[in-house]
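Chemist: Let me begin by handing over the structure; questions about it come next.
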There are 2 protein chains.
Amino acid sequence: LDYQHVQVPFEITLWIMLASLAKIGFHLYNKLPSVVPESCLLIFVGLIMGGIIYGLNDRSPPVMDSDIFFLYLLPPIVLDAGYFMPSRPFFENIGTILLYAVVGTIWNVFGIGFSLYGICQVKVFRLQDVSLLHNLLFGSLIAAVDPVAVLAVFEEIHVNEKLHILVFGESLLNDAVTVVRTNLALTFCEMPTIKSVDVFAGVGKFFVVGLGGVLVGLSFGFTAAFTTRFTKDIRVIEPLFVFLYSYLSYLTAEMFHLSGIVAIISCAMGMKRYVEANISLKSHTTVKYFMKMWSSVSDTLIFIFLGVSTIGENHEWNWPYICFTVIFCLIWRALGVLVLTFFVNKFHVNTITSKDQFIIAYGGLRGAICFSLVFLLPDFHRKKLFIAATTVVILFTVFVQGMTIRPLVDLLAVKRKRESAPTVGEQIHIRFLDHLLAGIEDISGHWGQYYWKDKLEYFNSKYLQKILLREYDQPKSSIVLLYEKLERKHAIELAEAGQLGHGPAQPSLLNNDRTVITDQKLEDTPNPDVLDNMQEILARNLYRIRRTGPAYNRHTLPGESEPGEQAKEILILRHKKL
Amino acid sequence: LDYQHVQVPFEITLWIMLASLAKIGFHLYNKLPSVVPESCLLIFVGLIMGGIIYGLNDRSPPVMDSDIFFLYLLPPIVLDAGYFMPSRPFFENIGTILLYAVVGTIWNVFGIGFSLYGICQVKVFRLQDVSLLHNLLFGSLIAAVDPVAVLAVFEEIHVNEKLHILVFGESLLNDAVTVVRTNLALTFCEMPTIKSVDVFAGVGKFFVVGLGGVLVGLSFGFTAAFTTRFTKDIRVIEPLFVFLYSYLSYLTAEMFHLSGIVAIISCAMGMKRYVEANISLKSHTTVKYFMKMWSSVSDTLIFIFLGVSTIGENHEWNWPYICFTVIFCLIWRALGVLVLTFFVNKFHVNTITSKDQFIIAYGGLRGAICFSLVFLLPDFHRKKLFIAATTVVILFTVFVQGMTIRPLVDLLAVKRKRESAPTVGEQIHIRFLDHLLAGIEDISGHWGQYYWKDKLEYFNSKYLQKILLREYDQPKSSIVLLYEKLERKHAIELAEAGQLGHGPAQPSLLNNDRTVITDQKLEDTPNPDVLDNMQEILARNLYRIRRTGPAYNRHTLPGESEPGEQAKEILILRHKKL
């Protein structure tokens, strides 16, 4: 037996196997996941595993390594989140998200830090040796909402899109703040005196870190899109580039102390549209499937490791400090959301209701990022207290808040996610309004989001597409792509049911629809029933357009197959009546 | 800049990126890959990279780590090979393959070892300090044909299936021999005297190592199939199980000093049929795509690393020894193939022609496995000589033999692979003959391959399928599966061409075809034209069967949609005439 030789890959494979089997196990009992969030169950499995390891070895089980977490487990989840991010609600609410992510997080840091320092002054608690700086340091890591935990819970409760993107966007973008804060705090620890100019320099650094991340991400994203222009002969390695370039963007950003999360999200959002157009259908399926698979496994592993790491002897259970941490986390987050939303609502017509505010405050879950950060703290004699407090806050938020948020959403009747995808009519209206508003903004000289969106679209179709797309001379509008996708899906269903003998013909809308319509929304949330419905609407509409179209269009010759097509359609209509 | 922090994943990602870009680069020039095999080009890229590293750092570039090779680079390639292995020719020729792999390899070991020892006795060459045991040790690692190199070259020259499987099967199965040989040789090095009983114990170990590998592989394969029974609710992690279980089988076999290659191949071949039936279509696409992608990247990395490792100062250039190594490798392989084939031909009707024998002998390429093994040799003062000789043999076989084998195949007019997939008629005849021969063997009391195949098939449908398949009560015969696959493909094509309005109906063959037909061959080599052709044949045949079928079948009710179907078909036929 030569275990040493294969130890590393063997143990990694076994952990992944455990995670996958745990996932299967939960889904075998259909009722369980609808009551308890999966994240809680996984932490529970981790606790049991940790207990077993502790019992067998009689020493603390290994804690999750911060390097493993940040370098290997976090990127797949963030990549998945960025790639499937609904871009429209994200960009519509970008101002609010940034406000929560930057100002809100700083508010929480100082709020929690100073309050805990106040608690430390109470003699009974025997905490007088914890300095203000250490409290602020602790506040800085416990303040950040965790994207992994938020995703795990919010994906199951189906609140409306805006609410979801507000909480989730905040949790993603506060990474820039977290990176700077952690670096600053560590530097401040070593400095003899802190001048106010240092504090301002720190605030300035936020922008460098955030914008730097965006820049790194976009440049890797565009390179990825450019590379996939040349993969026509070796389709098989196409998916690889999506993963390699995203990962490189993350690592590069981390290397330069920029925000890796922001970088990988920019990369994914930047490349998505072009890569999808360049690579083959099967490659695309593989990319999507593998991304989901990878992030789901990472997610599972993180929660299991969280559970395992909780067991052990590296905690100092000073309960007053721990309890006040939980309380201050809740209070300061609630206050922060209230105050910030007050200002946000002043400037918006579509306000955030008080129910939404409650869910935003209540959905501020903490998770593995805090946990990894607390181990990266410089060693000092009460580090174990911080570890214990972080563990309790995470378990409290994931278990108590995570399990009660669904009943609360039901109770408050928070506006849910639309069950149905928007109809084609709605889509066309939204696009029409976008164009109209862009025109109005241009005339009135107000450079709002529609103006910039329009300019970006123009820049995209004029320059970017020509460089990044393989067949740039024939950009298909997304409505045609959707139609083709639906047709394909329908065809497969027909073939599987063995009824390949009906249906409409050629999507000749291609040349009739001359505006560049490129909303990503259409591609997301494919609810089968609604899609079928849409397909029928589309099919009928396309049919009519084709009937009336060609006469008005100077770019298409009346096709040679037109008479045959018409005859076929008549036949189809007739056999439908049979 | 914090490079240390991200160094490991960053460099791995960069190497993979380099490999992928190199692959794209070659395919941009269409003429290049048709003259020079890709493996040669990749080694060349590696040589340049190595030269650059050597030039910049002024010290030898890092050599390929044997652990990295055996634990991370080799498994994906072997998994891919095993998963897509055409099982019929493999099992038909298993005897010949085993003879080449076991007896042939031992022949080469002793032939090369003793001849080189003879060369060492010539005083002029100054090699008298190389002992017989060291020569045999060297012979034992240089004798093995390399599956990675063989695959890379033989996939491009398209010789007939039997020839391909003979060379490729040998290269895979000699791994069991290699494992035992290497362990034995290392043990013998440490033993004071070697008794003949030790040699016999060594020969007995071959069977333990080989059969143990098969056992480990099959048990993991069946566990994988069993696991995928329960993944219905979380399709997204289905592909993961295929990879996890195969990798675990490889690692477990390696851990117990069994043959990892044999284990992973048995695992892949054992699970394939059941896993494919259990998982969803998209998961299956992802599995196939990712397997191909992974093996292709591993393959590329191996050849690039081979090139990089060649540059440097860990060689001792004793040219007589090196040249004689190359010559003996060629001579002993040629002799071995001649002698063994003489015996094989005595017992077979379908003999191996002399042209085939030449290609088998000439196709015995050496590759990265030898290279990794030579670094694992125990340290002794002339190890660098062995490294140099191994490097030269690999470069000679890959460059000279790899580049000339295609012209030679053309020149000798070696029988090529059939361009067309077998027609449905042929398939049915082959299956009919299989059943007939199984019956004849059973009656005559001769337990040959058909008898065992039939028994295995019976065992499979009686027990294994019930345990391993999700819907075991309705096993679809492969001809129906093929038909569905073709229909789906056709439907997609129709949808993409926008002509969804023709085609045949329900595959009602399901209940007419009651024999369990399960040839894997049908699934392989899907040549689009031929598939289209087959589909038409199938469609026409099915149509006729459906017309005549139901009257004879007591298990199906005359379908309620029958009259409508008929009307539809008449319509389809009529509109085809338009």
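The values are calculated or read from the model by the stated rules, or taken from the named source; none is laboratory data. Keep in mind it's a predicted model, so treat the numbers as computed, not measured. Backbone-built Cβ (ideal geometry, glycine too); neighbour counts: all protein chains shown. For the accessible areas, the whole protein counts, side chains as well, though only heavy atoms, and no ligand, DNA or RNA atoms are used. Shrake-Rupley method; radii C 1.70, N 1.55, O 1.52, S 1.80 Å.
Chemist: Please go through (1) over 23 Å from B:V337 (Cα atoms); (2) open to solvent by 20 Å² or more (accessible area, probe 1.4 Å); (3) in contact with a helix residue (DSSP H, G or I) (Cβ under 7 Å, 6 or more places away or on another chain) for B:L127 and return the number of the only condition it doesn't satisfy.
Modeler: (2)
Chemist: Quick check: is even one residue across the stretch A:193-208 open to solvent by 30 Å² or more (accessible area, probe 1.4 Å), basic (K, R) and assigned by the TED database to the domain that holds A:K288?
Modeler: There is no residue in the stretch A:193-208 that is open to solvent by 30 Å² or more (accessible area, probe 1.4 Å), basic (K, R) and assigned by the TED database to the domain that holds A:K288.
Chemist: Give the residue, chosen from A:L73, A:L141, A:L98, A:L79, that is in contact with a Leu (Cβ under 7 Å, 6 or more places away or on another chain), hydrophobic (A, V, I, L, M, F, W, C) and within 14 Å of another protein chain (Cβ to nearest Cβ).
Modeler: Residue meeting the stated conditions: A:L73.
Chemist: Select, from A:P75, A:P89, the only residue that is within 19 Å of the chain's Cα centre (by Cα) and either crowded, with 24+ Cβ neighbours inside 10 Å or under 23 Å from A:T182 (Cβ atoms) (or both).
Modeler: One residue alone meets the criteria, A:P75.
Chemist: Next question. For the stretch A:224-246, which positions are among the polar types (S, T, N, Q), within 9 Å of another protein chain (Cβ to nearest Cβ) and in a helix (DSSP H, G or I)?
Modeler: Within the stretch A:224-246, just A:T227 meets the criteria.
Chemist: Please indicate, with yes or no, whether at least one residue in the stretch B:247-261 is open to solvent by less than 20 Å² (accessible area, probe 1.4 Å), more than 10 Å from chain A (Cβ to nearest Cβ) and either touching a strand residue (DSSP E or B) at 6+ places or on another chain (Cβ under 9 Å) or not in a helix (DSSP H, G or I) (or both).
Modeler: yes
Chemist: Name every residue in the stretch A:459-491 that is modelled with pLDDT under 65 and part of a helix (DSSP H, G or I), in order of residue number.
Modeler: Passing the criteria: A:S478, A:I479.
Chemist: Follow-up. With the checklist (1) farther than 19 Å from A:L365 by Cβ; (2) part of a helix (DSSP H, G or I) in hand, flag the one item A:L141 doesn't pass.
Modeler: (1)
Chemist: If you don't mind, another one. Cβ contacts < 6 Å: first residue open to solvent by less than 50 Å² (accessible area, probe 1.4 Å), restricted to the stretch A:102-115; second residue in a helix (DSSP H, G or I) and β-branched (V, I, T), any location; separation 6+ or different chain. Result?
Modeler: Sorted first by the residue in the stretch A:102-115, then by its partner, the pairs are A:V102/A:V177; A:T105/A:V177.
Chemist: Suppose the filter is in the same structural domain as A:F399 (by the TED database) and in a helix (DSSP H, G or I); does A:A268 pass it?
Modeler: It is false that A:A268 is in the same structural domain as A:F399 (by the TED database) and in a helix (DSSP H, G or I).
Chemist: A further question follows. Among the residues of the stretch B:130-150, how many are surrounded by fewer than 19 Cβ atoms within 10 Å (Cβ to Cβ) and of a type in the set (A, V, I, L, M, F, W, C)?
Modeler: 2
Chemist: Ok, one more. Could you run through the stretch B:339-366 and say how many residues are part of a helix (DSSP H, G or I) and open to solvent by 10 Å² or more (accessible area, probe 1.4 Å)?
Modeler: So the count comes out to 14.
Chemist: On to the next question. Pick from B:I24, B:I16, B:I48, B:I52: which is closer than 24 Å to B:S372 by Cα and within 13 Å of another protein chain (Cβ to nearest Cβ)?
Modeler: Only one candidate qualifies: B:I16.
Chemist: Take the residues of the stretch A:280-304 that are closer than 30 Å to A:L469 by Cβ and of a type in the set (A, V, I, L, M): which is nearest to the other protein chains (Cβ to nearest Cβ)?
Modeler: Only one residue tops the list, namely A:M293.
Chemist: Considering only residues that are surrounded by 13 or more Cβ atoms within 10 Å (Cβ to Cβ), closer than 27 Å to B:L151 by Cβ and more than 25 Å from the chain's Cα centre (by Cα), which ones fall in the stretch B:397-436?
Modeler: B:L412
Chemist: Now for a separate question. Of the residues that sit in the stretch B:156-182 and are part of a helix (DSSP H, G or I) and touching a Lys or Arg at 6+ places or on another chain (Cβ under 8 Å), which one is nearest to B:L137 (Cα to Cα)?
Modeler: Here the answer is B:V180.
Chemist: Could you run through the stretch A:1-13 and say how many residues are aliphatic (A, V, I, L, M) and more than 9 Å from chain B (Cβ to nearest Cβ)?
Modeler: The number of residues fulfilling the criteria is 1.
Listed here are the residues, each with its yes/no results for (1) closer than 30 Å to A:D434 by Cα; (2) at pLDDT 90 or above; (3) not polar (S, T, N, Q).
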| position | (1), (2), (3) |
| --- | --- |
| A:H5 | no, no, yes |
| A:V8 | no, no, yes |
| A:F26 | no, no, yes |
| A:N30 | no, no, no |
| A:S39 | no, no, no |
| A:D58 | no, no, yes |
| A:V63 | no, no, yes |
| A:F84 | yes, no, yes |
| A:F91 | yes, no, yes |
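Chemist: Name the single residue, out of those in the stretch A:27-45 being away from every other protein chain (no Cβ under 13 Å), in a helix (DSSP H, G or I) and in contact with a helix residue (DSSP H, G or I) (Cβ under 7 Å, 6 or more places away or on another chain), that is most open to solvent (accessible area, probe 1.4 Å).
Modeler: A:F44
Chemist: Go through A:I322, A:I311 for me and flag whichever is in the same structural domain as A:G51 (by the TED database) and open to solvent by less than 10 Å² (accessible area, probe 1.4 Å).
Modeler: Unique residue meeting the criteria: A:I322.
Chemist: Among the candidates B:A225, B:A176, single out the residue that is open to solvent by less than 60 Å² (accessible area, probe 1.4 Å), closer than 20 Å to B:R470 by Cβ and in contact (Cβ under 8 Å) with a residue 60 or more places away in the chain.
Modeler: Only one candidate passes the filter, namely B:A225.
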